[in-house]
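Notes for the one structure printed next.
The values are calculated or read from the model by the stated rules, or taken from the named source; none is laboratory data. None of the values given here were measured: they were computed from a predicted structure. Backbone-built Cβ (ideal geometry, glycine too); neighbour counts: all protein chains shown. To get the accessible areas, we keep the full protein, side chains included, count just its heavy atoms, and leave off ligands, DNA and RNA. Shrake-Rupley method; radii C 1.70, N 1.55, O 1.52, S 1.80 Å.
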Amino acid sequence: MLDTHARKYVDPVINQTAGKLLDIGLTATQVTNIAFTIGVTSGLWIYLGNPWLALTTLWFSGFLDAVDGAMARKSRSSAWGTLLDVSYDRLVEISVIIGLAFLYPDSMWALLLLACSIIWAMTIFLTVGSLTEKKGMKSFYYQPGLAERTEGFILFSLMILFPTYLTLLTLLFLAVEIFTALQRLREAKSILKEDAA
(Lines give C-alpha, C1' and ligand atoms only; values in the text may rest on other atoms or scores of the structure.)
Protein backbone atom coordinates (compact mmCIF):
# COMPACT_ATOMS: atom_id res chain seq x y z
CA MET A 1 0.00 0.00 0.00
CA LEU A 2 2.72 2.49 0.98
CA ASP A 3 4.92 1.50 -1.98
CA THR A 4 2.01 2.21 -4.32
CA HIS A 5 0.61 5.38 -2.73
CA ALA A 6 3.50 7.07 -0.88
CA ARG A 7 6.37 6.39 -3.30
CA LYS A 8 5.95 9.83 -4.91
CA TYR A 9 7.12 11.47 -1.66
CA VAL A 10 10.46 9.64 -1.56
CA ASP A 11 11.03 9.42 -5.31
CA PRO A 12 13.07 12.67 -5.48
CA VAL A 13 15.65 11.27 -3.01
CA ILE A 14 15.66 7.88 -4.70
CA ASN A 15 16.10 9.39 -8.18
CA GLN A 16 18.81 11.78 -7.01
CA THR A 17 20.75 8.91 -5.39
CA ALA A 18 20.27 6.78 -8.52
CA GLY A 19 21.69 9.56 -10.69
CA LYS A 20 24.73 10.01 -8.43
CA LEU A 21 25.49 6.28 -8.37
CA LEU A 22 25.20 6.11 -12.17
CA ASP A 23 27.53 9.12 -12.41
CA ILE A 24 30.25 7.31 -10.44
CA GLY A 25 29.96 4.30 -12.76
CA LEU A 26 27.87 1.83 -10.77
CA THR A 27 25.26 -0.25 -12.56
CA ALA A 28 21.80 -1.15 -11.28
CA THR A 29 22.84 -4.80 -10.92
CA GLN A 30 25.89 -3.85 -8.86
CA VAL A 31 23.68 -1.85 -6.50
CA THR A 32 21.25 -4.80 -6.33
CA ASN A 33 24.17 -6.99 -5.22
CA ILE A 34 25.31 -4.41 -2.65
CA ALA A 35 21.75 -4.07 -1.27
CA PHE A 36 21.49 -7.84 -0.94
CA THR A 37 24.88 -8.21 0.75
CA ILE A 38 23.97 -5.55 3.33
CA GLY A 39 20.37 -6.70 3.83
CA VAL A 40 21.05 -10.38 4.27
CA THR A 41 23.22 -9.60 7.33
CA SER A 42 20.10 -8.37 9.17
CA GLY A 43 19.25 -11.85 10.38
CA LEU A 44 22.78 -12.34 11.68
CA TRP A 45 22.63 -9.06 13.65
CA ILE A 46 19.27 -10.10 15.09
CA TYR A 47 20.67 -13.43 16.23
CA LEU A 48 23.77 -11.74 17.70
CA GLY A 49 21.55 -9.46 19.78
CA ASN A 50 22.16 -6.19 17.94
CA PRO A 51 18.66 -5.04 16.92
CA TRP A 52 19.69 -1.50 15.93
CA LEU A 53 22.34 -2.74 13.52
CA ALA A 54 19.80 -5.23 12.16
CA LEU A 55 17.34 -2.38 11.55
CA THR A 56 20.00 -0.17 9.97
CA THR A 57 21.12 -2.86 7.53
CA LEU A 58 17.53 -3.86 6.74
CA TRP A 59 16.33 -0.33 5.94
CA PHE A 60 19.51 0.73 4.14
CA SER A 61 19.26 -2.34 1.91
CA GLY A 62 15.60 -1.49 1.29
CA PHE A 63 16.56 2.03 0.26
CA LEU A 64 19.21 0.71 -2.13
CA ASP A 65 16.65 -1.77 -3.45
CA ALA A 66 14.47 1.18 -4.49
CA VAL A 67 17.49 3.02 -5.90
CA ASP A 68 18.57 0.12 -8.12
CA GLY A 69 15.14 0.13 -9.79
CA ALA A 70 15.42 3.85 -10.47
CA MET A 71 18.91 3.28 -11.88
CA ALA A 72 17.59 0.57 -14.20
CA ARG A 73 14.86 2.88 -15.48
CA LYS A 74 17.41 5.67 -16.08
CA SER A 75 19.82 3.38 -17.92
CA ARG A 76 18.97 -0.05 -19.29
CA SER A 77 16.94 -2.52 -17.28
CA SER A 78 17.51 -6.24 -17.75
CA ALA A 79 15.50 -9.35 -17.09
CA TRP A 80 18.49 -10.72 -15.15
CA GLY A 81 18.51 -7.67 -12.90
CA THR A 82 14.78 -8.08 -12.23
CA LEU A 83 15.29 -11.74 -11.33
CA LEU A 84 18.12 -10.91 -8.93
CA ASP A 85 16.15 -8.05 -7.38
CA VAL A 86 13.03 -10.10 -6.64
CA SER A 87 14.90 -13.18 -5.41
CA TYR A 88 17.29 -11.15 -3.23
CA ASP A 89 14.33 -9.40 -1.61
CA ARG A 90 13.00 -12.76 -0.47
CA LEU A 91 16.40 -13.85 0.85
CA VAL A 92 16.67 -10.69 2.97
CA GLU A 93 13.19 -11.40 4.41
CA ILE A 94 14.18 -15.03 5.06
CA SER A 95 17.31 -13.90 6.90
CA VAL A 96 15.19 -11.76 9.26
CA ILE A 97 12.75 -14.61 9.90
CA ILE A 98 15.56 -17.11 10.53
CA GLY A 99 17.42 -14.70 12.83
CA LEU A 100 14.26 -14.16 14.89
CA ALA A 101 13.39 -17.87 14.92
CA PHE A 102 16.81 -18.93 16.19
CA LEU A 103 16.92 -16.21 18.83
CA TYR A 104 13.32 -16.73 19.96
CA PRO A 105 12.48 -20.40 19.43
CA ASP A 106 9.17 -20.07 21.30
CA SER A 107 7.91 -17.96 18.37
CA MET A 108 9.31 -20.27 15.69
CA TRP A 109 5.92 -21.82 14.86
CA ALA A 110 4.41 -18.40 14.11
CA LEU A 111 7.46 -17.35 12.09
CA LEU A 112 7.18 -20.57 10.06
CA LEU A 113 3.54 -19.77 9.27
CA LEU A 114 4.59 -16.24 8.28
CA ALA A 115 7.24 -17.63 5.91
CA CYS A 116 4.61 -19.89 4.32
CA SER A 117 2.23 -16.95 3.85
CA ILE A 118 4.97 -14.90 2.18
CA ILE A 119 5.68 -17.78 -0.20
CA TRP A 120 1.98 -18.00 -1.09
CA ALA A 121 1.52 -14.23 -1.51
CA MET A 122 4.66 -13.94 -3.66
CA THR A 123 3.61 -16.91 -5.80
CA ILE A 124 0.36 -15.10 -6.63
CA PHE A 125 2.17 -11.79 -7.16
CA LEU A 126 4.80 -13.22 -9.51
CA THR A 127 2.39 -15.46 -11.41
CA VAL A 128 0.01 -12.59 -12.10
CA GLY A 129 2.98 -10.44 -13.10
CA SER A 130 4.08 -13.02 -15.66
CA LEU A 131 0.60 -13.89 -17.00
CA THR A 132 -0.86 -10.44 -17.45
CA GLU A 133 -0.08 -8.11 -20.30
CA LYS A 134 -0.40 -5.07 -18.05
CA LYS A 135 2.82 -3.26 -17.27
CA GLY A 136 3.64 -0.69 -14.65
CA MET A 137 6.76 1.36 -13.97
CA LYS A 138 8.54 -1.91 -13.17
CA SER A 139 9.44 -4.51 -15.79
CA PHE A 140 6.37 -6.55 -14.86
CA TYR A 141 2.91 -5.80 -13.52
CA TYR A 142 3.20 -4.84 -9.85
CA GLN A 143 0.00 -5.77 -8.02
CA PRO A 144 -0.76 -3.34 -5.21
CA GLY A 145 -1.97 -4.70 -1.89
CA LEU A 146 -2.23 -4.07 1.83
CA ALA A 147 1.23 -5.56 2.44
CA GLU A 148 3.96 -4.30 0.15
CA ARG A 149 7.68 -4.14 0.90
CA THR A 150 7.51 -1.06 3.15
CA GLU A 151 4.73 -2.53 5.31
CA GLY A 152 6.80 -5.68 5.61
CA PHE A 153 9.81 -3.66 6.77
CA ILE A 154 7.69 -1.80 9.32
CA LEU A 155 6.33 -5.06 10.72
CA PHE A 156 9.78 -6.67 10.73
CA SER A 157 11.10 -3.60 12.59
CA LEU A 158 8.41 -3.93 15.27
CA MET A 159 9.20 -7.63 15.60
CA ILE A 160 12.92 -6.89 16.02
CA LEU A 161 12.42 -4.04 18.50
CA PHE A 162 9.65 -5.57 20.62
CA PRO A 163 10.52 -9.26 21.02
CA THR A 164 8.19 -9.53 24.04
CA TYR A 165 5.32 -9.27 21.54
CA LEU A 166 7.06 -11.24 18.78
CA THR A 167 4.45 -13.99 18.45
CA LEU A 168 1.59 -11.49 18.44
CA LEU A 169 3.32 -9.23 15.89
CA THR A 170 4.18 -12.24 13.72
CA LEU A 171 0.54 -13.35 13.73
CA LEU A 172 -0.49 -9.80 12.80
CA PHE A 173 1.99 -9.90 9.90
CA LEU A 174 0.60 -13.33 8.93
CA ALA A 175 -2.96 -11.94 8.84
CA VAL A 176 -1.83 -8.99 6.72
CA GLU A 177 -0.05 -11.34 4.28
CA ILE A 178 -3.10 -13.60 3.96
CA PHE A 179 -5.36 -10.59 3.41
CA THR A 180 -2.98 -9.28 0.74
CA ALA A 181 -2.82 -12.66 -1.00
CA LEU A 182 -6.63 -12.81 -1.11
CA GLN A 183 -6.74 -9.20 -2.40
CA ARG A 184 -4.36 -10.10 -5.19
CA LEU A 185 -6.26 -13.29 -6.05
CA ARG A 186 -9.46 -11.29 -6.38
CA GLU A 187 -7.79 -8.71 -8.60
CA ALA A 188 -6.07 -11.45 -10.61
CA LYS A 189 -9.39 -13.06 -11.45
CA SER A 190 -10.64 -9.89 -13.14
CA ILE A 191 -7.26 -9.04 -14.76
CA LEU A 192 -6.84 -12.47 -16.30
CA LYS A 193 -10.44 -12.41 -17.56
CA GLU A 194 -9.71 -9.06 -19.26
CA ASP A 195 -6.53 -10.45 -20.86
CA ALA A 196 -8.42 -13.48 -22.16
CA ALA A 197 -11.18 -11.30 -23.71
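Report, to the nearest whole %, how much of the accessible area of the chain belongs to carbon and sulfur atoms, 1.4 Å probe, protein only.
Exposed carbon and sulfur together represent 69 percent of the surface.
To the nearest 10 square angstrom, what accessible area does SER130 show with a 1.4 Å probe?
90
In nm, to one decimal, how far is the modelled label at ILE94 from the one at LEU26, with both set 7 Å along Cα→Cβ?
Calculated label separation equals 2.4 nm.
Could you compute the FRET efficiency for TRP52 and ARG186, with r as their C-beta to C-beta distance and R0 at 41 Å, rounded to 0.05?
0.60
When only alpha-carbon atoms count, how far does the chain stretch along each of its three principal axes, as whole angstroms with the largest first?
Reported extents, whole Å, longest axis first: 47, 46, 28.
Find the relative contact order for the chain and round it to a whole percent, using C-alpha pairs within less than 8 Å whose residues are 6+ positions apart.
That works out to 24 percent.
Could you do me a favour and compute the accessible area per residue for the range 46-197, 1.4 Å probe, result in Å²?
52
In nm, to one decimal, how far is the modelled label at LEU113 from the one at VAL10, with both set 7 Å along Cα→Cβ?
Here the modelled spin labels are 2.9 nm apart.
Before rounding to the nearest 500, sum -39500 (n - 2.57) across all DSSP H runs of length at least 4 in the chain and divide by the residue total; then give [θ] at 222 nm in deg cm²/dmol.
Only helices count here, giving -26500 deg cm²/dmol.
Could you work out how far apart the two model spin labels at LEU83 and LEU161 are, taking each label as a point 7 Å from the Cα in the direction of the beta carbon, and quote it in nm?
3.8
If Lys and Arg each add +1 and Asp and Glu each add -1, what is the summed charge of the other residues whose beta carbon sits under 11 Å from the beta carbon of VAL176?
Local charge sum for VAL176: -3.
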